[in-house]
Ligand code: HEC
Ligand code: HEC
Ligand code: HEC
């Protein structure tokens, strides 16, 4: 029965994918390569100045041919792409693979990217690596799953892929075997993946927009390419890949149950009223006057974005600020029970939350984020405030905010109804506006994985 249901579900998903694919195809634009030299010219000079000798000294001699500047650029791109996060098991050797990635179809494991000849990329050529990053195909021709964000990495020009490969070859080889993915039927069928790719995946490097300046293009490239921001900030399709026509309009990360808010200018939801300086501060330090980040975004900031050069973060913010708004969600209409829920929530807030977030909800940023006007709370999906009230959390420890303040977990203290009341309250106090949260929604997030 369950298998039949799964097949029916998959068929339905496929039908939707086919229809979606036809729509996408109709408007698909041709892609052309950005001149590699243009990208190389924007490369991280500061990084090249700091790192290269140390890296070259460690690296195998074969790599010396690539030159320290290339290796340094590859290292920088690996930071921008957060490659290490998915390709390193907790407590394991860097890039030796084994990190579990939960998807709606089962568990996948990041693979060993070290130069080990048997278990890693030791036997790979630069052409093999390019095929993986640009075409989503492994060395043996196997199609790769989009849990590996190659639908974004395909935007990287060959020179950047080669630089990444040169950097990976300087790593310490680790003889750690790859773990087999644990995918459920029918998602473990290669035919399904081939079909999805035929409909939704287009290989193509970033296309330089001649009517925009270099900073905007650099930002667009980092966001769409190595930064793969749309892997989380966009709704996903049946195969778990980002739906590109909904670019950066926000999305719920499946299984993990975090909502990545819109990064476009959507009123009341996106970054429309953030300044570029506030965006840069959040990406650099994890905290800002507008809110702080927790969960998967805290990891992205800690492992990836805080290491980017200031001018690259500025470019990212400039690009994000240029994204057009989507229509705002309609204002919520509160029923009769709302007054009772808000009153219960206000009592809890007064007793448990006020000391840090303030009676006026303004907090004390950057230590304690404001809740008034905080977009992360008032999205249509209440996932983030429910999660953080249940589990507490920390903004990431970053060079710009080395000792983050913590938020205590209320899971042991509050019933589902109490969490629902206090979250409904903070979503509607101080001029905030959002739908009430129900106890069943809270219950659902009690069992969501913690990371
Ligand atoms: C969100 C998690 C994630 C991130 C970020 C990520 N990867 Fe991966 N990667 C995966 C997963 C999962 C696979 C396995 C896919 C499969 O087997 O179908 C994979 C596979 C690969 C492969 C193919 C390995 C093989 O044996 O076929 C390469 C090469 C690779 N990744 C390189 C990179 C590089 C370079 C970066 C950074 C620019 C990166 N990955 C970032 C999750 C990730
Ligand atoms: C692994 C998933 C993931 C990736 C990749 C990711 N984000 Fe996020 N992002 C999130 C989540 C989840 C939140 C909400 C976190 C919170 O409120 O604590 C978030 C929040 C944000 C916010 C704050 C928005 C607000 O309204 O509060 C910004 C800005 C942001 N991300 C930018 C980016 C950029 C730029 C990139 C790419 C360079 C990126 N993110 C990549 C998951 C992700
Ligand atoms: C001891 C101080 C403290 C108390 C008490 C506290 N918080 Fe927090 N809260 C924080 C800190 C610090 C953060 C930032 C954590 C992070 O970024 O992960 C935070 C983050 C949050 C966020 C996410 C904001 C964002 O920008 O993503 C929400 C929602 C929140 N708190 C609600 C509450 C509610 C509701 C209560 C009472 C039930 C409460 N807090 C009690 C310190 C506190």
So how far, in whole Å, is the C-alpha centre of region 303-360 from the one of region 86-136?
-> 35 Å
In the calculated pair distance distribution of the chain, what percentage of Cα-Cα distances lie above 35 Å?
-> 33 percent
When the Debye formula is applied to the Cα atoms of region 295-451, each taken as the same point scatterer, what base-10 log of I(q)/I(0) results at q = 0.11, 0.16 Å⁻¹?
-> -0.50, -1.00
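Kirkwood Rh, Cα Rg: Rg to Rh for region 281-378?
Numbers: Rg = 17.1 Å, Rh = 16.0 Å.
Radius of gyration over Kirkwood radius for region 281-378 works out to 1.07.
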Apply the Debye scattering formula to region 308-361, with a single equal point scatterer on each alpha-carbon and no solvent, then give log10 I(q)/I(0) at q = 0.14, 0.26, 0.28, 0.29 Å⁻¹.
-> -0.75, -0.97, -1.04, -1.07
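Taking the inverse of the average 1/r across all pairs of different Cα atoms in region 164-234, what Kirkwood radius in Å do you get? Don't jump to the answer; show the numbers that get you there.
Working: mean 1/r = 0.0612 Å⁻¹.
Taking the inverse mean of 1/r over all distinct Cα pairs, region 164-234 comes out at 16.3 Å.
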How high is the FRET efficiency between residue 202 and residue 85 when r is their beta carbon distance and R₀ equals 22 Å, given to the nearest 0.05?
-> 0.30
Any chance you could run the full-extension gain for residue 209 through residue 351? It's 0.36 nm times the residue separation minus the Cα-Cα distance, nm to one decimal.
-> 45.8 nm
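Relative contact order for the chain using alpha-carbon pairs under 8 Å, separation at least 6, rounded to a whole percent? Intermediate values should be presented prior to the final figure.
Numbers: 810 pairs, mean separation 60.9, N = 451.
The value is 14 percent.
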Specify the angular offset, from 0 to 90 degrees and rounded to the nearest 10, of the alpha carbon long axis of helix 276-285 from the longest principal axis of the alpha carbons in the chain.
-> 80 degrees
How many nm separate the modelled label positions at residue 128 and residue 339, each set 7 Å beyond the Cα in the direction of the Cβ?
-> 7.1 nm
Kirkwood Rh, region 102-182, all Cα pairs: how many Å?
-> 13.2 Å
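Given the -39500 (n - 2.57) contribution per DSSP H run of 4+ residues, what per-residue ellipticity at 222 nm results for the chain, rounded to the nearest 500 deg cm²/dmol?
Values: 22 runs with 194 residues, N = 451.
Computed ellipticity for the chain at 222 nm equals -12000 deg cm²/dmol.
May I ask you to compute the full-extension gain from residue 372 to residue 448, defined as 0.36 nm times their residue separation minus their alpha-carbon distance, rounded to one decimal in nm? It would help to have the intermediate numbers written out before the result.
On the way: separation 76, 0.36 × 76 = 27.36 nm, distance 2.64 nm.
Length gained, residue 372 through residue 448: 24.7 nm.
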Nearest-ten-degree value, helix 310-321 long axis tilted from longest Cα axis of the chain | 60 degrees
Cα gyration tensor of region 369-431 diagonalised, 5x eigenvalues square-rooted, in angstrom largest first, produces semi-axes 22, 16, 9
How much length is gained if the chain between residue 143 and residue 175 is pulled fully straight, taking 0.36 nm per residue apart and subtracting their Cα-Cα distance, in nm to one decimal?
-> 9.2 nm
Compute the distance in nm between two label points, each set 7 Å from the Cα along the Cα-to-Cβ direction, one at residue 255 and one at residue 394.
-> 2.5 nm
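Working from the alpha-carbon coordinates of region 55-213, get Rg over Rh, Rh being the Kirkwood radius.
Values: Rg = 16.1 Å, Rh = 16.5 Å.
Taking Rh as the inverse mean 1/r over Cα pairs, Rg/Rh reads 0.98.
Provide the packing ranking of 290-303, 424-437, i.e. peptides ordered by the mean count of other C-beta atoms within 10 Å per residue, highest first.
Details: 290-303: 21.6, 424-437: 19.7.
My ranking of the peptides, most packed first, is 290-303, 424-437.
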May I ask for the angle, rounded to the nearest 10°, between helix 338-352 and the longest principal axis of the chain, with both axes built from Cα atoms and the value confined to 0 to 90°?
-> 70 degrees
Distance (nanometres) between label positions extended 7 Å along Cα→Cβ at residue 216 and residue 360 | 3.8 nm
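Bear in mind that the values in this text are calculations on the coordinates, not laboratory data. Because the structure is predicted, anything quoted here is derived from the model rather than measured. So basically every Cβ, Gly included, is an ideal-geometry build from the backbone, and we count neighbours across all protein chains shown.
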